[in-house]
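Note sheet for the following structure.
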Amino acid sequence: MEKDNFEAKAIKVRKTLNAYEKRSIVQQMSGMIAHELSSPLGSIRTYVTLLKMEGSSKIPFSKEVKQKALNGIEEQVLTMSKIIDRVRGYAKNNYSRQEDCDLALLLKKSAGSLIAERGRQLENQIVFDWSVRTYYPIKGNALELQILFLNLLRNAADALSDDVSGTIHVKISKDAKAEQWLCEIENPASQMSQSQLEMINEKSYSVSTKTTGLGIGLSICRGICDRHGASLSFQLADKKLKAALRFDILPEGQSAQIGG
């Protein structure tokens, strides 16, 4: 009986933590989604401007040009609708939806969201180290993975502080046995000590320390990793902190285990 009560309480605590984490993730999506919506909005403005130009043009637009502009507007509205539906679906449902994801594409999108959030000066401080023609496939929840990468990139950017010459290095590779994708995000951490490294490698750690590239989102990052069967660890070498993410390379047709 006592064991049953303990398990029931543990399940209740896990559900409460999952609900809190989901709210935190949805809140963090605002900037990321705003960035994704900016592209279709820009396209719509372009098409609308084109249609307005007909009134001042001496040569009437052809039906084909008008139809192309209208079709373009409709297409971009549908794109925006899909983006919004993804977020609504995530907010309503549990952590279960899987899709084919490209790690490189998700990292690029997360970096774009961070640049939109922090400013264009960061664009030259993020260095990607992988083949642009290589596809890095995994099965997972794309929204959650973007939040995972965005948190780690945000923490790395915090560590740069006001150092305009500092850089964040992002790398994807296969491990020695070709069984896992290894994603690495590295940033300067001249003030970080070995004891701090040991602290952030503890699963319970979630306190932000700006100068070392640690972050308040570490607990969220670990939760997302756990649900994707991935691991997250930190390494310190040559006064640089490296966040190392490992994702299993799944056989074609196999899905990752994502739980709530």
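In this rough spin-label picture, where each label sits 7 Å from Cα along the Cβ direction, the V77-F128 distance is 3.2 nm. Computed over the alpha-carbon pairs of segment 116-165, the distance histogram in 5 Å steps reads 4, 14, 22, 23, 20, 12, 5, 1 percent, short to long.
Counting Lys and Arg as +1 and Asp and Glu as -1 over every other residue whose Cβ lies under 14 Å from the Cβ of S43, the net charge comes to -1. Among the listed pairs K177/K242; K177/K239; K82/K109, those with a Cα-Cα distance over 23 Å are K177/K239. From a point 7 Å beyond the Cα of Q194 in the direction of its Cβ, which residues of segment 219-243 have a backbone N at a distance under 19 Å? Only 234-242 fall inside the zone, counting backbone N under 19 Å. Taken along its three principal axes, the alpha carbon spread of segment 129-197 comes to 35, 28, 26 Å, from the longest extent down to the shortest.
Here, each number is a calculation from the coordinates, and none is a lab measurement. As the structure is a prediction and not an experimental result, all values here were calculated from the model. Quick reminder, even Gly has a Cβ in these numbers, built from the backbone with ideal geometry, and neighbours come from all protein chains shown.
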